[in-house]
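Below is one structure; the comments refer to it alone.
The values are calculated or read from the model by the stated rules, or taken from the named source; none is laboratory data. The structure presented is a predicted model; accordingly, all values stated were derived computationally and were not measured. Positions of Cβ are generated from backbone atoms using ideal geometry, with glycine treated the same way; all protein chains shown enter the neighbour counts. For accessibility, only protein heavy atoms count, side chains too; no ligands or nucleic acids. Shrake-Rupley method; radii C 1.70, N 1.55, O 1.52, S 1.80 Å.
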Amino acid sequence: MLFVIRCLDKENHLSVRQANRPAHVDYLKSYAANLFAAGPLLDDSEQMYGSVVILDLPDRSAAENFAANDPYAQAGLFAQVSIDRWNKVLP
């Protein structure tokens, strides 16, 4: 089943995001077989302020485990994380 993991950064934590980005990208690559889509949220000035990851995982527990072990989460980057089941309809 597909899960959307949406994470919003703490204010003034861009340096934390940048410092942990290589480890985060490697972590995403380790889930390549399950990864549907991933990318940063951007404000109007193109500055990253969060992340969206869509994964095909067996259950919510697996999605929670993924989110908790993301290097960004481990570094304390996120102010908020939401995990929702998602049903792709189109296209």
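For the chain, find the longest principal axis of its Cα atoms and tell me its angle to the long axis of helix 60-69, 0 to 90°, nearest 10.
20 degrees
Could you tell me what a quarter of the Cα convex hull surface of the range 28-71 works out to, in nm² with one decimal place?
Spelled out: convex hull of the Cα atoms, projected over all directions, averaged, 3.5 nm².
Taking the Cβ of L35 as the center, what net charge do the other residues with Cβ under 13 Å away carry, scoring Lys and Arg +1 and Asp and Glu -1?
-2
Per residue Cα convex hull volume for the chain, in cubic angstrom?
Working: hull volume 9.1 nm³, N = 91.
About 100 Å³ per residue, rounded to a whole number.
Tell me the angle of helix 14-30 to the major Cα principal axis of the chain, expressed in degrees between 0 and 90 and rounded to the nearest ten.
30 degrees
How would F78, F66, F36 line up by accessible area, probe 1.4 Å, largest first?
F36, F78, F66
Give me the number: length gained by fully extending D56 to W86, i.e. 0.36 nm times residue separation minus the C-alpha to C-alpha distance, one decimal in nm.
On the way: separation 30, 0.36 × 30 = 10.80 nm, distance 0.96 nm.
Here the segment from D56 to W86 would lengthen by 9.8 nm.
Over the chain, what is the relative contact order in percent, taking alpha-carbon pairs closer than 8 angstrom and at least six residues apart?
50 percent
Give, as a single signed number, the net charge of other residues whose beta carbon lies under 15 Å from the beta carbon of N87, with Lys and Arg counted +1 and Asp and Glu -1. Intermediate results must be reported in sequence, preceding the final value.
Numbers: positive: R60, R85, K88; negative: D56, D84.
Around N87, the surrounding residues sum to +1.
Hey, if we sort R85, R17 by accessible area with the 1.4 Å probe, largest down, what's the order?
R85, R17
Enumerate the amide H contacts of W86 below 5 Å, restricted to partners 5 or more residues apart or on another chain; note that Pro and chain-start residues carry no placed amide H.
Under 5 Å from the amide H of W86 lie the amide H atoms of L2, F3, V4, each far enough along the sequence or on another chain.
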